[in-house]
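Beneath this line is the structure, given in structure tokens, with notes to follow.
None of the figures in this text is laboratory data; all of them are computed from the coordinates on show. Keep in mind that this is a model prediction, so the values were computed, not measured. As a convention, Cβ positions derive from the backbone with ideal geometry for all residues, glycine included, and neighbour counts pool all protein chains shown.
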Amino acid sequence: MDTKQHPDADAERRLTDGIFGLGRPLPPIVRRGMRSPQRRPEEDAEGKRGGQDLETGRTGAAGGDDSRQREKPLQEGDCPRLGVVRPFDRDPNHRARLSPRNLAAIPEEVGGGAGTIPSLTGGWVDGAPDQQGMTTAWLPLPVVGDRSTQLQERGSNNESQPSKERRLDDGDVPKQAPDTSAKDWISNAQDLETISTSDSTKRENDYDELERISTLEIEEDFLDQTEYDVHRNRWSRIRARYPQPLAEFLATAVSTYIGLAGSLTEMTSSNTAGTFFTRCLSGAHLNPAISITFSLHRGFPWRHCIIYIIFQLLGNICASVAAYAVFNDAICRFDPGLTPGGTGGAFFTIPQPWVRPGTAFFGEFLASAILVIAILALGDDMHTPPGEGMNPFVIGLVVTVLQITMAYNTGPCLKPAKDLGGSLGALGVGYEDAFRGGWWIWGAWGAVILGTAVGAATYDASVSVGGESLVNYGWPGRRELSGKWRRVREKALSLTLPLAAASLAYLNAKTGLSNDWALLSAYIAAHISLHRTASRDTLNLFYVLETHALHPTQSQHAFLIYGGKSWNYGEAYAEVLRWAAWLKDGKGVGKGEVVGLCMVNSDTFVWIWFALWSLGATPAFLNYNLRGAPLVHSVRASGARLVLVDEEVTASFAGEVGKELEGVEVVIVGQEVLGEVQGTRGWREKDEMRRGVQMRDLAVLIYTSGTTGLPKPAVVSWQKARVGAGLVARWLPLKKQDIFYTAMPLYHSSAAILGLVSCLMAGTTLSLGRRFSHATFWPDVRRSKATAIQYVGETCRYLLAAPPSPLDKQHSVRFAFGNGMRPDVWERFQQRFGIDTVAEFYAATEGPGGLFNKSRNAFSRGAVGRNGTIMYPWFALQMLIVRLDFETNKLLRDEKTGLCIPAAWDEPGELLFRLDAKDVESKFQGYFRNRDASNSKIVRDVRKKGDAYFSSGDVMRWDREGRWWFCDRIGDTYRWKSENVSTAEVGECLGRHEAVSEANVYGVLVPGHDGRAGCAAILLHGAESAVDGQPPELSDKVLKSLAEHAMGTLPGYAVPIFLRFTRQMEMTGTNKQQKHVLREQGCDPEKVSRAGDRLYWLKGGTYMPFERKDWDEITAGRVRL
């Protein structure tokens, strides 16, 4: 190079040396044929402005003005970006640049000083080397004054007219600031702070004018930049336009990779301590929470913030994949299962199993708040920040300290993009549990972003005095706010509203927000109502009926429809008072007494029930299907001295039962009793008879089904009755105009509490059927104009078994509510009868909790419960599925700790409900007068020593989508060929065969074989009409079709070995299948034949008759299954 043409030979030598040295950044070079940036063609032609001419290779002043300093010709290796302002750095609205101390610091020569409001639209300007040899500096480009004057000055090429506020022209060298003393700068700052109040309004107008002028300047700069970009390739133009996001991507990727590499090195070398020191190191933003905080509290543009977050996420994904590629061999050796508790913790954060969700959330919140306070303090030059270059070191030190002190519980995360990017990268390489639960959204993002926002607000409110702080802004007036809100609203309606609606719909589908909100709001409202009534001492549900009956309009609303008659709330209240008077005066029923009710569904059942409550007594609902010893046991277990019996079931109390119940008054409620009651004048018992009850006190006795033994009376407390009914009424929801139809027996909690009492709580109408029958079900629904129906167990299967009718969809039902609908029936039931929504629930009468699933599509069809992101912490805290030994039906425990082993995602295990270990009865009141049976349902030492859980006795599984699936009752699941077989899943498969009406699957013992072989009792379509008490003969085609269907859809070990064809399925009173009798008879052909059924076995790819000779062959050990 010709150093004579350069104004500073030493500077050029330093610049040239830098090209080959790595001690300083490499300068950009000019390519041959490139035009000078920021040059306008008309200016080259007229020669009126100083600039550069690449054709002649010389520079000079316009008009031959030699007074300006000559510049050397641009050659290859020189920097062409003279005066270029990068568009991404432009931010005319950045409040931090308009703070008083920044205004005061701008020299007068460039349009600054106290009392002046320049347009600080500037960028990184490359110019001639200064005295220190630096070629790049941030230069504010001021524009002050009247808009027309500015435009004239910018459009004029006459340099003879001096302008105090002139922008730098192409080729100009930035002026050095005058040697202004600190005293003058302080004086300027003081002058600015003492501006009179009358000038404040003018300043606000100047800010508005400033924004408009700056917008024009940016547009002109973009035009200049576009002319320059013509000579660059596409990537260089992108890089020049967005330098910060690309730098953010590279910095994030590098820092994250270093952290992952350090963590994986320590983990795979059996030393996990290094993870505390290598995560979350950040030198720039590198963190969505920091970018969002700067946008909220420091005026960082939101459009830039979004770009930053995208590139941060991409950087973290790339770093995760790269780290896995480098450490793949070590990971496979140390953690072949790719578990979260193994190497997964290096890629994403998961709270420790024993850490409660609230504790984990608060830990992340607090750590993020501390981190952002430290970052803002380092950037606050008003409070003696550390020296230049020390910020990354100090931030890294703060992060390290946070990791050491707070990493044990959750990580901590601190960087949402690192956690999400790491999770996505880990998911892509095989970590299936990368998104387990909802921690990745409510912890890694929610807690961190909320913590940084609150931390920044705390710092600004406590320490910061700069104008860039939200706390120190001058708040806009009402008129300005109104105008801004109108513009934002119009823009949102026209542009952002459709996008927001689509985003919310996707977010709702992904996280289940609406599902969780419906359940959570209903739960909270039910508990608020419970505690309010408890404080008023009105827990007795008789007061709810009385409130409706005494209301001037609600009293006329229909309460009960039965047998073609209807009673409004006022009439129902009058009937209840008549029965209460008859029970009090005629039978001496008083407060605290238990009275048995063995009645079929009827209006009388309801009146007696509430009459007992009005007297402060307790009803005990007896199953009217019971006979003999179970019936006697049920009455004796209740301790009742008086039993009211429906005339229809009088025979059940005759003979031996009557003798066994000597001392118990049995009253048959027939026409004689009904006549007495109608002639009785009703009266209301005083409140003292109903007062003084607690939430856990007995409200009603409801018996278990007795499928595994004698029925046990479960205590249904006032708390359970009120919360259960109130939650269902709000969750469905039941509206005042709804009519809820049920033919399920009122002696069961589904119809009594979640049916009738829910209607009472909602103030709606109950339509009651006497018994369930598929022949009368839909006619009753149409006649009562019901909008909701209730099912239990196999009710919907029986409705499907009825012949199709043109009237199948002629009804007003909008949802079906109940429990026990099989997945193979679910979709067919909805399609045939046109039911939009199925509201399935899971609960036990004595249980302390339940699950709920409102399904309108295939996503949750068949599930007994569902939770989304919001409810995940609650479900994870209150419920637990633990591993089970299916041979012994006992919980599996860790050999070292003695604690239960939690089941993995989608792994079947027993469902447990959390109890208060110090006060178990607050949630679980157990069985009435049966402490041993109550204690048998309590499991200790589950998650930690001394805790307590309720044993549901049901095998469930919970998948990653938040769906809960019922598998079996414990004891129903059996083992065959060393595999666990779910009777529910096998029954669902067989039930989908076109010839099968119903399948009841169970395991049977086979001589000489381990475990239990599968056997299915099959009810074929039309089998009920078989003659001679025997199921019809089966064709070879049907038998082979059944075998092919089972073998084609089930694993080999789950295919039933035996099929038992029957003409009537044994059921409980609540339409649930009986299994214990079938298991006792097993696969002995003589026992099965005596019961009137036919037995077949799988042989040669089809089912063939199983006879006595085949049984003898198996017993002798000559045949292996």
Quiz item: Taking the mean number of other Cβ atoms within 10 Å as a proxy for protection, how do you rank 795-807, 603-615 from highest to lowest?
Solution: 603-615, 795-807
Quiz item: So what J values fall out for the stretch 522-537 if you push phi through Karplus, 6.51 cos²θ - 1.76 cosθ + 1.60 with θ = phi - 60°, rounded to Hz, Gly and Pro as x?
Solution: 5, 5, 5, 5, 5, 6, 4, 4, 4, 5, 5, 5, 5, 5, 8, 6
Quiz item: Say the cut-off is 30 Å between C-alpha atoms; which of Lys720/Lys945; Lys720/Lys896; Lys890/Lys923; Lys418/Lys944; Lys565/Lys736 go over it?
Solution: Lys720/Lys896; Lys418/Lys944
Exercise. Take each of the peptides 885-891, 1036-1042, 1091-1097, 345-351, average the number of other beta-carbon atoms within 10 Å over its residues, and list them starting from the highest.
Key: 345-351, 1091-1097, 1036-1042, 885-891
Practice problem: Would you mind ranking Asp381, Asp808, Asp954 so that the residue whose beta carbon has the fewest other beta carbons within 10 Å leads the list? | Solution: Asp381, Asp808, Asp954
Quiz item: Using 12 Å as the cut-off for backbone N distance, which residues of the stretch 941-967 belong to the label zone defined by a point 7 Å from the Cα of Phe859 along Cα→Cβ?
Solution: 961-963
Quiz item: For the stretch 844-888 and the stretch 924-966, what is the separation of their Cα centres, given in Å?
Solution: 13 Å
Practice problem: Could you tell me, in Å, what Rg and Dmax come out for the Cα atoms of the stretch 738-792? | Solution: 10.3, 31
Quiz item: For Gly628, what is the net charge nearby, where nearby means another residue's Cβ is under 15 Å from its Cβ and Lys, Arg count +1, Asp, Glu -1?
Solution: +1
Exercise. Show the residues, 5+ positions off or on another chain, whose built amide H is closer than 5 Å to the amide H of Gly953.
Key: Leu911
Exercise. Beta carbons within 10 angstrom, averaged per residue: use that to sort the peptides 946-953, 297-304, highest first.
Key: 946-953, 297-304
Quiz item: Hey, any idea what Rg/Rh is for the stretch 880-992, computing Rh the Kirkwood way over Cα pairs?
Solution: 1.00
Quiz item: Using a basic spin-label model with each label point 7 Å from the Cα along Cα→Cβ, how many nm lie between Ala629 and Lys809?
Solution: 5.3 nm
Exercise. Starting from the Cα of Arg636, step 7 Å along the direction of its Cβ; do the same at Trp517; then give the gap between the two resulting points in nm.
Key: 5.6 nm
Quiz item: Ile668's amide H: which non-local residues (gap 5+, or another chain) put their own amide H closer than 5 Å, with H modeled 1.01 Å from N in plane and none for Pro or chain starts?
Solution: Val645
Exercise. Could you work out, for the stretch 526-771, what percent of all Cα-Cα pairs fall into each 5 Å distance bin, beginning at 0 Å and stopping at the bin that holds the largest distance?
Key: 1, 6, 14, 19, 21, 18, 12, 6, 2, 1, 0
Self-check item: Neighbour-count order for Leu1059, Leu414, fewest beta carbons within 10 angstrom listed first
Solution: Leu1059, Leu414
Quiz item: What is the Rg over Rh value, at two decimals, for the stretch 975-1115, using alpha-carbon atoms and the Kirkwood definition of Rh?
Solution: 0.92
Practice problem: Express in nm, to one decimal, how much length is gained between Val667 and Thr1049 on full extension, taking 0.36 nm for each residue of separation and deducting their alpha carbon distance. | Solution: 132.0 nm
Quiz prompt | FRET efficiency, Ala505 to Asp906 (Cβ-Cβ, R0 22 Å, nearest 0.05) | solution = 0.20
Practice problem: Give me the number: length gained by fully extending Ala651 to Glu688, i.e. 0.36 nm times residue separation minus the C-alpha to C-alpha distance, one decimal in nm. | Solution: 9.4 nm
Quiz item: Once you list every other residue whose beta carbon is under 10 Å from the beta carbon of Gly1101, what net charge do they have if Lys and Arg are +1 and Asp and Glu are -1?
Solution: +1
Exercise. Principal axes first, then extents: for the Cα atoms of the stretch 524-632, list largest minus smallest coordinate on each axis, whole Å, largest first.
Key: 46, 36, 33
Self-check item: Potential extension, Thr400-Asp603 segment - 0.36 nm per residue separation minus Cα distance
Solution: 66.0 nm
Quiz item: Of all DSSP beta bridges in the stretch 577-724, what percent run antiparallel (nearest 5)?
Solution: 25 percent
Quiz item: If R0 is 51 Å, what FRET efficiency do you get for His557 and Lys890 from their C-beta distance, rounded to 0.05?
Solution: 0.45
Quiz item: Which value results for Rg/Rh of the stretch 699-826 when Rg is the Cα radius of gyration and Rh the Kirkwood radius based on the inverse mean 1/r?
Solution: 0.98
Quiz prompt | Inter-site label distance for Gln352 and Ser535 at 7 Å from Cα along Cβ, in nm | solution = 3.9 nm
Quiz item: What is the set of long-range amide H partners of Leu884 at a cut-off below 5 Å, with H atoms built 1.01 Å from backbone N?
Solution: Leu892, Glu910
